[in-house]
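> First the structure, which I've put down as structure tokens, then a few questions once you've had a look.
The values are calculated or read from the model by the stated rules, or taken from the named source; none is laboratory data. If you're wondering where the values come from, they're calculated on a predicted model, not measured in any experiment. Here the Cβ positions follow ideal geometry from the backbone for every residue, glycine too, while neighbour counts run over all protein chains shown.
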Amino acid sequence: MTCRHNSNPPTILFYKIDKRKYLALQNSIAKTILQNKIANNIFPNLCRIFIIHSLNKAIGELYYEGMFFIMVTNRVVFLTGAASGIGYEMGHAFAKEGAKVVITDRLEERAKEAAEQLQKEGFQAIGLKCDVTSEEEIEASISQTVTHFGSLDILINNAGMQHVSPIEDFPTEKFELLIKIMQIAPFIAIKHAFPIMKKQKYGRIINVASINGLVGFAGKSAYNSAKHGVIGLTKVAALEGATHGITVNALCPGYVDTPLVRNQLQDLATTRNVPLENVLEEVIYPLVPQKRLLQVQEIADYAIFLASEKAKGITGQAVVIDGGYTAQ
């Protein structure tokens, strides 16, 4: 596999202030100052121009001082399991920050449809088939990414699967499949991404783990095992990438409002003998101090931060966003 240097160097972007809100803010401040006779009433228009100029200058200085959140553009981000849910939302969020996005899914049609949605919004994105249970497909899709965009800067191992059952009833083949998707696949993706990232002396790897990688949860023997395992993999990869400009972190969300979690509610209703409509209130919320499901955008925002220069000193960590779940 060859890697050529990305000809478009990353540039710094900032969250944009809504123009209408900003103009309204300008007018409000100017009006307030004028009404309070802070300005010379003889030259109100001149004063207003001065106020607006000063406000522009002040906001420019705030940008310069880094008081607004800094992101990067022109980075190439590769996501597994990204045609929907958290994966797609992360891809969309990175695209809005100027990244070039590679959406992968085991079903090529779904990957391409998701990428087309981003393209319709004016973003640079491609969709590739990648069944993460196949090392050949992982390697091929990473190679296609480098061929198309010229580099691979950010790898997000997001593909996941769930099955809830007591251990004695848990099908062995299902256990093995979950381990393959959520523990072995990230290892393989890192294995093939590392040579590219080491050559360019830059990389960000985010393994989407879970609070289930930190604590146990009855009925989730395979999911818990995989997520605990990927956190261990994260620590080792972080050590091996540290001197090459590569950071590796495990993002550990709590309960997020996604189809995957919603589909778990029926399983939890069965294993806990609770009516389906009561699962959130009786099973989930007692464990979450904030008494809510996290929103997908919250996870996407955290991923962007971990991939940014602001987080260059964070590596080898299991970074938690869980509404307070693990604080108890």
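> From the list L265, L293, which residue is closer than 18 Å to A327 by Cα and among the aliphatic types (A, V, I, L, M)?
Within the list L265, L293, the selection yields L293.
> Would you point out the residue of region 228-257, among those that are closer than 19 Å to I211 by Cβ and free of Cβ contacts under 8 Å to residues at least 60 places away in the same chain, that is nearest to the chain's Cα centre (by Cα)?
D257
> Any chance region 246-259 includes a residue that's in the same structural domain as N224 (by TED's automatic domain parsing) and farther than 21 Å from G160 by Cα?
yes
> Still on this structure: Just one of L260, L276 is closer than 20 Å to A218 by Cα, surrounded by fewer than 17 Cβ atoms within 10 Å (Cβ to Cβ), of a type outside the set (D, E, K, R) and within 17 Å of the chain's Cα centre (by Cα); which is it?
When all the criteria are applied, what remains is L260.
> Next question. Please verify whether region 227-246 includes one or more residues that are among the charged types (D, E, K, R) and in a loop (DSSP other than H, G, I, E, B).
Checked region 227-246: no residue is among the charged types (D, E, K, R) and in a loop (DSSP other than H, G, I, E, B).
> Test L265 against the criterion of being crowded, with 16+ Cβ neighbours inside 10 Å, out of contact with any His (no Cβ under 7 Å at 6 or more places or on another chain), at pLDDT below 90 and not charged (D, E, K, R), and give yes or no.
Considered against the rule, which asks whether it is crowded, with 16+ Cβ neighbours inside 10 Å, out of contact with any His (no Cβ under 7 Å at 6 or more places or on another chain), at pLDDT below 90 and not charged (D, E, K, R), L265 comes out as yes.
> Hey, I314 hits all of (1) assigned to a helix (DSSP H, G or I); (2) surrounded by fewer than 19 Cβ atoms within 10 Å (Cβ to Cβ) but one; which does it fall short on?
For I314, the exception is condition (1).
> Out of region 149-180, which residues are assigned to a helix (DSSP H, G or I) and among the β-branched types (V, I, T)?
If the condition is that a residue be assigned to a helix (DSSP H, G or I) and among the β-branched types (V, I, T), then I167, T172, I179 are the ones that fit.
> List every residue pair whose Cβ atoms lie under 8 Å apart, where the two residues are 6 or more positions apart in sequence or sit on different chains, the first residue falls within region 301-328 and is more than 20 Å from I86 (Cβ to Cβ), and the second residue, located anywhere, is of a type in the set (F, W, Y).
K310/F69
> Considering every residue within region 162-178, establish whether at least one is crowded, with 22+ Cβ neighbours inside 10 Å and modelled with pLDDT of 95 or more.
Yes: one or more hits.
> Please name all residue pairs, on different chains or six or more residues apart, with Cβ atoms under 7 Å, provided the first residue is in region 119-148 and is in the same structural domain as I188 (by TED's automatic domain parsing) and part of a helix (DSSP H, G or I) and the second residue is modelled with pLDDT under 95 and surrounded by 16 or more Cβ atoms within 10 Å (Cβ to Cβ).
V146/C3
Here's the yes/no breakdown for (1) under 18 Å from the mean Cα position of the chain (by Cα); (2) assigned by TED's automatic domain parsing to the domain that holds G254; (3) at negative phi:
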| residue | (1), (2), (3) |
| --- | --- |
| G160 | yes, yes, yes |
| F170 | no, yes, yes |
| E176 | no, yes, yes |
| K201 | no, yes, no |
| I211 | yes, yes, yes |
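> Considering G81, G87, which residue is crowded, with 22+ Cβ neighbours inside 10 Å, in a loop (DSSP other than H, G, I, E, B) and at pLDDT 60 or above?
When all the criteria are applied, what remains is G81.
> In region 285-296, what residues are surrounded by 14 or more Cβ atoms within 10 Å (Cβ to Cβ) and under 22 Å from A250 (Cβ atoms)?
Of everything in region 285-296, those that are surrounded by 14 or more Cβ atoms within 10 Å (Cβ to Cβ) and under 22 Å from A250 (Cβ atoms) turn out to be L287, V288, L293, L294, V296.
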